[in-house]
Amino acid sequence: MNDTKYFLDAGTTWSKILAVKSSDTADCNAIASVKVPHDSTFEGIKSYKILPTADLRRLDVEFSAATGHSAGLKNVLKYENEVVALANGAKNALLENNIVLDLGSRDIKWVKFKDGKFSDMDWNTNCASATGATIEMLLKFYNVDVKDLAAQNEKYAVTCGIFGLEKIMDDVAKGIEAKIAIAKFINGIAFNAWNFTKNPDKLCISGGFCENKCFVDSLKKYCEVEVLGRFVLVDGLYSQHQNEKQKFNS
């Protein structure tokens with residue numbers, strides 16, 4: 001018998017999975033057998049995985065709860081709004097009044113807490129559209145390693161991915177190194193993210209950009225930054241699942 005519960009944050013490109021064992025003997029092999037580029041296993045009953053979203057349908061598991069681009073999956077017992085999952089996951093990590101920002105492949109969203117309670121939020125899938133996906137495509141097109149990107153003082157006035165591409169191509173055509181042009185674009189994304197969250201003194205960030213040092217260093221030009229990691233939403237799904245379970249049993 002498999003006593004493992006699975007929680008899914010299905011992104012456009014990458015999906016994050018949290019497997020929670022109910023005992024030391026529970027089986028997590030259903031996701032452990034999948035080859036993934038990132039694999040962080042934590043001590044205790046929790047195991048975290050990241051895999052390409054295209055591989056989701058290969059998994060023979062049932063998800064107790066899911067968020068993101070997972071509405072079409074048949075093996076999901078409950079679907080949750082992404083902002084709700086973000087809020088539930090972030091409130092466990094934040095001990096003071098803070099804003100948590102989640103910037104992914106094609107959208108940007110943030111939630112604000114005041115005295116430990118939800119206070120404000122916003123979500124944009126238009127002008128922030130394809131930011132993460134655009135970066136991945138640029139790196140492949142210009143054969144640039146993300147580790148070679150360094151934060152730049154100069155930034156592009158990025159209003160969308162298409163305009164950013166035009167500026168990058170113009171600069172590269174003038175002889176500027178591709179890694180410098182891409183870093184300017186990332187600085188523009190960081191500046192937009194800071195403006196979108198109403199220019200706070202501090203931002204806690206989650207999502208794929210957590211692992212982009214150039215983005216983190218660029219954002220630090222405008223505010224203090226705390227990195228929460230890529231698993232905030234799945235932690236939020238698990239937290240909500242536990243709360244609902246306690247209410248049902250009480």
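Once phi is turned into θ = phi - 60°, what whole-Hz ³J(HN,Hα) does the Karplus curve with 6.51, -1.76 and 1.60 give for every residue of the stretch 73-85, x standing for Gly and Pro?
These are the phi-based 3J(HN,Hα) values: 6, 7, 9, 10, 6, 8, 9, 10, 4, 5, 5, 5, 5 Hz.
Please provide three numbers in whole Å: the alpha-carbon extents of the stretch 128-249 along the principal axes, with the largest listed first.
Ordered largest first, the stretch 128-249 gives principal extents of 66, 30, 23 Å.
Under a point-charge model restricted to the Cβ atoms of Lys and Arg (+1) and Asp and Glu (-1), what is the dipole moment magnitude of the stretch 132-250 relative to its Cα centre, in debye to the nearest 20?
About 200 debye.
What area, in nm² and to one decimal, does the C-alpha convex hull of the stretch 60-107 cast on average over all directions?
On the way: hull surface 17.2 nm².
Its Cα hull, projected and averaged over all orientations, spans 4.3 nm².
Would you mind working out the magnitude of the charge dipole of the stretch 189-234 relative to its Cα centre, with +1 at each Lys and Arg C-beta and -1 at each Asp and Glu C-beta, to the nearest 20 Debye?
With only Lys, Arg, Asp and Glu charged at Cβ, the dipole is about 80 debye.
Over the stretch 47-148, average the accessible area per residue using a 1.4 Å probe and give it in Å², no decimals.
Heavy-atom SASA per residue in the stretch 47-148 reads 53 Å².
The values are calculated or read from the model by the stated rules, or taken from the named source; none is laboratory data. None of these values were measured; they are calculated from a predicted model. Glycine gets a Cβ as well: all are built from the backbone with ideal geometry, and neighbour counts include every protein chain shown. Side chains are part of the model used for accessible areas, which takes the heavy atoms of the whole protein and leaves out ligands, DNA and RNA. Shrake-Rupley method; radii C 1.70, N 1.55, O 1.52, S 1.80 Å.
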